[in-house]
1. For the stretch 159-226 and the stretch 227-242, what is the centre-to-centre distance using only Cα atoms, to the nearest Å?
2. Quick one: putting +1 on the C-beta of Lys and Arg, -1 on the C-beta of Asp and Glu, what dipole do you get for the stretch 110-236 around its Cα centre, in Debye to the nearest 20?
3. For a test of the definition: using alpha carbon positions, the gyration tensor, and the 1.5 limit on a/c, classify the stretch 73-213 as rounded, prolate or oblate.
4. Which of K168/K242; K106/K266; K138/K168; K106/K279; K76/K196 have a Cα-Cα distance over 24 Å?
5. Measuring with a 1.4 Å probe in the full set of protein chains, what accessible area per residue, in whole Å², belongs to the stretch 242-282?
6. Rounding to the nearest 20 debye, state how big the charge dipole of the stretch 85-183 is about its Cα centre with +1 on each Lys and Arg Cβ and -1 on each Asp and Glu Cβ.
7. Pop the C-beta distance of D150 and S182 into the FRET formula with R0 = 51 Å and round what comes out to the nearest 0.05.
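The values are calculated or read from the model by the stated rules, or taken from the named source; none is laboratory data. On a predicted model such as this, the values are computed, not experimentally measured, just so you know. For neighbour counting, all protein chains shown are included, and Cβ atoms are generated from backbone atoms with ideal geometry for every residue, glycine included. These area figures cover heavy atoms from the full protein model, side chains too; ligands, DNA and RNA do not enter into them. Shrake-Rupley method; radii C 1.70, N 1.55, O 1.52, S 1.80 Å.
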Amino acid sequence: MHDDDSPSPARRRTAALATAAALIAAAAGWLVWETTGGTGGPDAKAPRRGAATASAPSTAASTAGAVPTAAPLAGKVVVIDPGHNPGNFTHTREIAAQVDIGTNRKECDTTGTSTDAGYTEAAFTLDVSHRLRTLLQKQGATVTFTHDADRPYGPCIDERARIGNAAKADAVVSVHADGSASGNRGFHVILPALVKGGGADTAAIVGPSRALGEHIAARFAAATGSAPSNYVGGGTGLDVRKDLGGLNLSTVPKVFVECGNMRDPKDAALLTDAAWRQKAASGIADGISTYLRG
């Protein structure tokens, strides 16, 4: 626009006053229409756009006043340790190598057990661990695996402990299933004993690990309907051990969860059912969450 095409100041003031008057008149007419319910004219059934605009708060206003709800496990680190590894079966020499567990020496790892029909503990632990990871991540936790069948075998039990320690995990859970005699049923959670010797010193983690285990045991029973073990723990669902390198060498709260006995037909029927495995993962996740939230 060139300078000589602009309206004069007087004309701009006149136009502005006319516009303002028109807006005031329109607003007054709208108020009369709103007060009478908008009836009596050909537009009586039309949507009342003015009413909706006047009554609904703007998106910006409602968003500005909202307080976001933080994920309950935001900032928490959980390490999941899927027991064994499917590749262990073809690397028996490697997993038989002895490693230091602080108090003595033990095999690097084992193959784990299986059901009579051949469903392996290693397959079970990975499945439950994947489900557990999803549930914890939905609550905002940072989740790390000790392995995801992404290595030929292992890791060895001492390395599994180091992974949790290096992550400075708020909780570590090793997922397992037992291989006891038929007729032995139920779950149990293994807690670290007070151990000090060699490279092992569990003094700082015995208390918090017990709290973690108690929360998991309670929530696991509620989620799955399974009873505590009838052969370990005296009906408490808790068992304290000093012979497991994964616990002895841990410097952060850690427990093992034995979800059931694969050698018992009734327990095996549960462990091989995908819907039940989801319940198992849910129970473990709930236990971890209640522990971490205090």
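1. When both Cα centres are located, 12 Å separates them.
2. Details: 11 positive and 11 negative charges, 68 e Å.
That gives the stretch 110-236 a dipole magnitude of about 320 debye.
3. rounded
4. K106/K266; K106/K279; K76/K196, as the Cα separations exceed 24 Å there.
5. Result: 34 Å² of accessible area for each residue.
6. On the way: 10 positive and 13 negative charges, 62 e Å.
Value, rounded to 20: 300 debye.
7. 0.90
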